[in-house]
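Here's the structure we're looking at; comments come further down.
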Amino acid sequence: MDPDRELISGCRISGSEDFEAAFSALYKRYKDRVYSIAYRVTGNSDDALDASQEAFVLVYQNLPGFKFESKFSSWLYRLVVNASIDLLRRQKSRTRKTHNVDSESDEMLGIADERQVPPQILLESKELGDQVHASILSLSPKLRVVTVLRYLQNLSYEDVAETLELSLGTVKSRLARAHIALIDQLRPLLDDAAGHPVHDGHTTRSSTPGEQPRLS
């Protein structure tokens, strides 16, 4: 059963007091996660805010007719993913300059102005590290989205498939391709962390007890 069913049942009559109260509750429940997805996909706070707003406008307009063909959360995440990708497509023609990592601006690394980003998103960015975050942003939109939903939002394979309206096999295939791309880019970082070379998209086990860093 969809955990949001009760709230959505109060959204059948657009503009009513029940609708406004239920929509407000849904917004508060999901606004941070929606922003987080948009931020990870677009790479900056301004686009993340635009994509989040666009997603919630669509929810507001279409919620009275929601038929539970998927979970509400899957539908909402699909809307924000699509809004984020549309923004990226519109910006595709922009000229992108190549610099050394040390000279790149915060925006190019996908780290937005700290004053504009919710604290939990900043914390995630610092924990990931600039190199990991930049590597995720360098993935194609299709690979980036499945990576964000599966590993940064902790959705199950099944929920990722439902959100993106893809087969389970396609989700797993794209994640495998994302693993390879990320390992190739992050190999020096992972080698330093693991204390030994990383090969073929997986870390090898050390004789020293304890888990080694993994992307899977």
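The values are calculated or read from the model by the stated rules, or taken from the named source; none is laboratory data. Note that the coordinates shown come from a computational prediction; the quantities given were computed from them, not determined experimentally. A quick note on method: Cβ atoms are made from the backbone with ideal geometry, for glycine too, and the neighbour counts reach across all protein chains shown.
Every residue in the range 70-96 that is more than 13 Å from Gln53 (Cα to Cα) and either in a helix (DSSP H, G or I) or at pLDDT 95 or above (or both), please. Before you say what the answer is, go through the steps one by one.
From the range 70-96, those more than 13 Å from Gln53 (Cα to Cα) are 70-75, 78, 85-86, 88-96; that's our starting set.
Selection gives Phe72, Ser73, Ser74, Trp75, Arg78, Ile85, Asp86, Leu88, Arg89, Arg90.
Could you tell me whether the range 179-191 includes any residue that is farther than 30 Å from Phe68 by Cα, at pLDDT below 55, out of contact with any Ser or Thr (no Cβ under 8 Å at 6 or more places or on another chain) and among the charged types (D, E, K, R)?
Checked the range 179-191: no residue is farther than 30 Å from Phe68 by Cα, at pLDDT below 55, out of contact with any Ser or Thr (no Cβ under 8 Å at 6 or more places or on another chain) and among the charged types (D, E, K, R).
Please indicate, with yes or no, whether at least one residue in the range 151-168 is under 17 Å from Ile183 (Cα atoms) and in contact with a Phe, Trp or Tyr (Cβ under 9 Å, 6 or more places away or on another chain).
Restricting attention to the range 151-168, the residues satisfying the condition of being under 17 Å from Ile183 (Cα atoms) are 151-152.
The next check asks that each one be in contact with a Phe, Trp or Tyr (Cβ under 9 Å, 6 or more places away or on another chain); those that pass are none.
Within the range 151-168, none of the residues are under 17 Å from Ile183 (Cα atoms) and in contact with a Phe, Trp or Tyr (Cβ under 9 Å, 6 or more places away or on another chain).
List, please: which pairs have Cβ atoms under 6 Å, are six or more places apart or on different chains, and start with a residue in the range 167-189 that is among the β-branched types (Val, Ile, Thr) and end with one that is at pLDDT 85 or above?
Val171/Val146; Val171/Tyr157; Val171/Val160; Val171/Ala161
Out of the residues in the range 136-171 that are aliphatic (A, V, I, L, M) and not in a helix (DSSP H, G or I), state the one that is surrounded by the most Cβ atoms within 10 Å (Cβ to Cβ). Give the steps one after another, and end with the answer.
First pass over the range 136-171, keeping only residues aliphatic (A, V, I, L, M): 136-137, 139, 143, 145-146, 148-149, 152, 155, 160-161, 164, 166, 168, 171.
Keeping just the survivors that are not in a helix (DSSP H, G or I) gives 139, 155, 166.
Values: Leu139: 19, Leu155: 22, Leu166: 17.
Within the range 136-171, the match that is surrounded by the most Cβ atoms within 10 Å (Cβ to Cβ) is Leu155.
Among the listed residues Phe19, Phe56, identify the single one that is more than 30 Å from Thr147 (Cβ to Cβ) and aromatic (Phe, Trp, Tyr). Even if it seems obvious, please write down each step before you answer.
Values: Phe56 fails: more than 30 Å from Thr147 (Cβ to Cβ).
Phe19 is the lone residue from the list that is more than 30 Å from Thr147 (Cβ to Cβ) and aromatic (Phe, Trp, Tyr).
Taking the range 9-35, which residues are buried (at least 18 other Cβ atoms within 10 Å of the Cβ) and more than 22 Å from the chain's Cα centre (by Cα)? Give the derivation first.
Applying the first criterion (buried (at least 18 other Cβ atoms within 10 Å of the Cβ)) to the range 9-35 yields 10-11, 22-23, 26, 30, 34-35.
Across the range 9-35, the qualifying residues are Gly10, Cys11, Ala22, Phe23.
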